[in-house]
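Undergrad: This structure is in structure tokens; I'll ask about it shortly.
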Amino acid sequence: MANKDQPDELERRRADLEKALAEKRPESRDGDEGKTKGDMAGVGQALRLSSEFIAGVGVGAALGWGIDHFAGTSPWGLIIFLLLGFGAGVLNVLRSSGQIAEFGVRSSQSGQNPEKK
Amino acid sequence: MANDPIHQFQISKWIPIEVGGLDFSFTNSSAFMVATVVAAGAFLFLTTSSRGLVPGRLQSISEMSYEFVASMLRDSAGSHGMRFFPFVFSIFMFVLMANLLGLFPYFFTVTSHIIVTFALALLVIGTVVVYGFLKHGFGFLKLFVPQGVPAVVVPLVVLIEIVSFLSRPVSLSVRLFANMLAGHITLKVFAGFVTSLSAFGVAGAAGAVLPLIMTVAITGLEFLVAFMQAYVFAVLTCMYLNDAVHPGH
């Protein structure tokens, strides 16, 4: 019985999530390179997003390695900060593609700051 | 020079200078940085010296670049951010002029070296951090604590935000450097095909037309990239300065 219900339940929850995400997704990308149309914009965006992600992971790894080097906690610093860097990279990518609010600007408060986008 | 696409990025010492074991030599890179500053300064000075009420063609380019950067900064950092206008405008003109100068054949591209772009990015982030702490004291640290996050995950989120903040100068500099480096190497490789194909007689010369067309097209594209990267660098500078002016909203 429970097994039969599960797919429907999952389906429903997925539809809900889709709806919630669609509301949060920006109407149009406000990317910096969005003004040029066509292939060039795609390449530019790809370079931008990949550099954001790699920078996040790279900085996390470097921080972890540095902490290990000075505190002698090898390999825990590297492990933890590599994962944190991964998180930061994903955050950077979502931020620069306009899916998450910028630093400081939170969606719940966006009405209070007319100065910002 | 032959057919080596990397050769164009080599640093050569023009005037060796050494102070206390440190190398302060005047290199071709330094020469082109000086050329960039002189070219940008001379362009802005000469084109605006006539001060026509109805601007001529060149004068309106200067005025457009001023208004372009001014509106970019005002949009992202508000009127408080306008105190950084000289800073942002200098960075924009320097990067733009360096990118454009690099497109001349046999010229050295200053921004194709990561140390140069990283120094520029550190200057930006240093300004953000110093101004943020001077203006808001420890309130600047609120930048790293998002509101409306459950208390349990706050330490994790703060750590991620800090790593994300530290990765900004890296991605800012890597983007500019990688675009310029990749563009110039591509250009050189395609131009190299033209010479090596035309060594194979008539059929080779006929085939060389294809990479020649590519080279012309990529040169056009590089002009777009040169402007685009200067624009992106300036826009991101404005956005980071916005964090320094209004943190923790």
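Coordinate-derived values only; no laboratory data. Source: prediction; values computed, not measured. With ideal geometry, Cβ positions are generated from the backbone for all residues, glycine too; neighbour counts draw on all protein chains shown.
Undergrad: Hey, could you grab the Kirkwood Rh for chain B? Inverse mean 1/r over distinct alpha carbon pairs, Å, one decimal.
TA: The answer is 20.9 Å.
Undergrad: Calculate the dipole size of the protein assembly as shown relative to its Cα centre from +1 charges on Lys and Arg beta carbons and -1 charges on Asp and Glu beta carbons; express the result in debye to the nearest 20.
TA: Here the protein assembly as shown has a charge dipole of around 480 debye.
Undergrad: Continuing with the same structure: May I ask you to derive the relative contact order of the range B:10-245, considering only C-alpha pairs under 8 Å and at least 6 residues apart, and to give it as an integer percent?
TA: In percent, rounded to a whole number, it is 25.
Undergrad: Rounded, prolate or oblate: pick one for the range B:106-232, where a ≥ b ≥ c are the square roots of the eigenvalues of its C-alpha gyration tensor, a/c under 1.5 means rounded, and failing that, prolate if a/b is larger than b/c, else oblate.
TA: Since a/c reaches 1.5 and a/b is larger than b/c, the shape of the range B:106-232 is classed as prolate.
Undergrad: Can I ask one more? Quick one: Cα centre-to-centre distance for the range A:37-89 and the range B:189-213, in angstrom?
TA: So the separation of the two Cα centres works out to 42 Å.
Undergrad: Tell me the Rg and the Dmax, in Å, that the Cα atoms of the range B:186-249 produce.
TA: 20.9, 68
Undergrad: For labels at residue A:23 and residue B:68 in the simple 7 Å Cα→Cβ model, what's the distance in nm?
TA: In this crude label model, residue A:23 to residue B:68 measures out at 4.1 nm.
Undergrad: Something else about it: Roughly how compact is the range B:11-103, stated as its Cα Rg over 2.2 N^0.38 Å to two decimals?
TA: 1.39
Undergrad: Using only the alpha carbons, work out the radius of gyration and Dmax of the range A:40-94 in angstrom.
TA: 13.4, 47
Undergrad: Out of every Cα pair in the protein assembly as shown, what percent are spaced more than 40 Å from each other?
TA: Of the Cα pairs, 26 percent sit more than 40 Å apart.
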